[in-house]
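See structure below.
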Amino acid sequence: MTLAPLDPTQRLLRACRGEPVDRPPVWLMRQAGRYLPEYRAVRGDIPFLDFCGDVEKAVEVSLQPLRRVGTEAVIVFSDIFVPVPGMGVEIDFAPGPVVAVPIRSRAQIEALRVPDPRESVPFVFEILRTLRRELEGARVPLLGFAGAPFTLAAYLVEGRSSSDFPVLRRMIAEEPALLRALLAKLTELVVAHLDAQVEAGAQVVQLFDTWAGLLSPELYREWVLPAHREIAAKLPRAKAPLVLYLRQSAHLLDLVLESGADVISLDWRVDLAEAARRAAGRASLQGNLDPGLLFAPPELIAERVREVVVSARGARGHVLNLGHGVLPGTPVEGVCAFTEAVRAFGDLER
Ligand code: CP3
């Protein structure tokens with residue numbers, strides 16, 4: 001079937017909903033960031049959370065990858081921790097998030113507020129409204145995002161990043177009621193934050209559950225799936241489709257498909273053809289090139305993009321992306337080769 005060329009917003013929305021497209025849309029997680037010299041120039045040495053709150057600078061770095069690397073969507077520049085200080089938690093970046101006093105007691109959890117993000121972080125919505133005005137003419141879609149409750153809780157309980165989050169996993173076993181109370185507050189925060197982003201102009205929203213893949217299927221079903229389902233059910237998905245990202249989650253795919261998300265974003269360890277079979281029309285897929293491959297020569301990147309696109313053919317829709325964020329130090333040419341490859345692919349197909 002030949003389709004009239006779509007504009008980038010139509011292409012992304014249609015792919016998310018599983019409607020026919022001329023070729024997959026493309027964007028990259030962490031497409032704004034330290035691999036771009038112009039990002040480093042604007043960032044300077046401003047503390048990271050202050051930088052996220054500077055509307056003019058955040059708008060500028062959100063738009064940088066559009067001009068420079070040929071991405072076809074803009075994700076608002078922010079961080080999953082931006083709405084967290086408003087709950088009453090002190091967070092620093094060094095460069096990863098560090099929680100001044102890790103949240104481990106009933107009293108601390110009870111003291112957490114769930115603010116209206118429109119009041120606690122009004123700048124996020126100002127950045128989104130400004131971006132939407134900037135992007136309207138070229139019909140480039142705008143994405144919002146939030147960290148998922150489990151991933152936010154992982155950092156809040158552990159206090160910092162970890163490869164296996166031992167304190168969090170001990171809390172699951174020893175004090176399940178505490179963790180449940182924390183997850184309930186975070187779920188409320190995440191729903192409000194994503195909802196307000198859609199209201200401010202986000203056309204797609206992505207939920208990052210980077211660490212949910214730590215869990216077995218049984219624990220995922222008990223500890224994470226209910227929050228994913230609640231978030232999917234409460235968001236206005238007819239207005240803005242929901243993308244759900246999990247890292248290291250091949251073993252969870254069948255359960256993640258029960259979340260109700262419109263798109264499941266997978267890392268590079270997952271076979272997309274197999275994932276497409278399992279999804280069987282229930283969700284579109286996003287991903288999943290290994291970010292490390294962007295260090296390869298352009299011809300190899302193009303070949304791998306073709307493989308990814310072909311392997312996703314059985315899915316009801318596919319959004320080309322990486323399997324995780326762009327790594328610091330990635331050559332800009334590698335990122336350009338990635339976005340170029342899918343455009344060339346579209347021409348070949350027609
Ligand atoms: O994708 C984008 O371009 C939008 C911006 C974005 C950032 N963080 C900016 C950022 C997004 C979507 C995130 C999500 C995020 N942040 C996640 C989920 C996805 C993932 O990567 O797993 C997580 C776990 C965080 C928490 C976080 N923020 C960490 C662990 C770090 C430090 C490590 C690192 O990669 O730098 C950050 C800081 C951060 N967030 C930077 C950027 C551009 C680097 C800050 C800098 O030094 O300039």
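The values are calculated or read from the model by the stated rules, or taken from the named source; none is laboratory data. For clarity, every value in this text was computed on a predicted model and none was experimentally measured. Reconstructed Cβ throughout: ideal geometry from the backbone, glycine too, with neighbour counts over all protein chains shown. SASA here: full protein model, heavy atoms, side chains in, ligands and nucleic acids out. Shrake-Rupley method; radii C 1.70, N 1.55, O 1.52, S 1.80 Å.
Quick notes on this one:
- Subtracting the Cα-Cα distance of F93 and R34 from their residue separation scaled by 0.36 nm leaves 19.8 nm.
- Packing around the peptides 222-230, 239-247, 92-100, taken as the average count of other Cβ atoms within 10 Å per residue, puts them in this order, highest first: 239-247, 222-230, 92-100.
- Candidates L207, H251, I80 compared by Cα position along the dipole of the chain: farthest toward the positive end lies H251, with charges placed on Cβ.
- The alpha-carbon positions of the chain define a convex hull whose volume is 119 Å³ per residue.
- Kirkwood Rh (inverse of mean 1/r, distinct Cα pairs), segment 1-151, angstrom: 17.3 Å
- When Rg and the Kirkwood Rh are both derived from Cα coordinates, the Rg/Rh ratio for segment 178-310 amounts to 1.00.
- Couplings 3J(HN,Hα) of segment 96-101, computed from phi: x, x, 10, 8, 4, 10 Hz, in residue order, whole Hz [Karplus 6.51 cos²θ - 1.76 cosθ + 1.60, θ = phi - 60°; x for Gly and Pro].
- Extension gain (nm, one decimal) between L300 and I46, 0.36 nm per residue minus Cα-Cα: 87.7 nm
- Separation of the V310 and H251 label points, Cα + 7 Å toward Cβ, nm: 3.2 nm
- Remark: segment 245-350 carries 39 Å² of accessible area per residue (probe radius 1.4 Å; ligands, DNA and RNA excluded).
- Förster-model FRET efficiency, 25 Å R0, A4 and R133, C-beta, rounded to 0.05: 0.40
- Net charge of Cβ neighbours under 11 Å - reference L257; Lys, Arg +1; Asp, Glu -1: 0
- Karplus (6.51, -1.76, 1.60) ³J(HN,Hα), θ = phi - 60°, over segment 226-231, in Hz, Gly and Pro reported as x: x, 5, 4, 5, 5, 5
- All Cα pairs of segment 74-128, percent lying beyond 12 Å: 70 percent
- Two-site label geometry, A238 and R160: point separation in nm, points 7 Å out along Cα→Cβ: 4.8 nm
- Within the accessible area of the chain, the carbon and sulfur atoms contribute 51%, probe 1.4 Å, all protein chains present.
- Estimated dipole of segment 193-258 in Debye, rounded to 20 [Cβ of Lys and Arg +1, of Asp and Glu -1, Cα centre]: 180 debye
- Helix 298-311 axis versus longest C-alpha principal axis of the chain: approximately 80°, rounded to the nearest ten.
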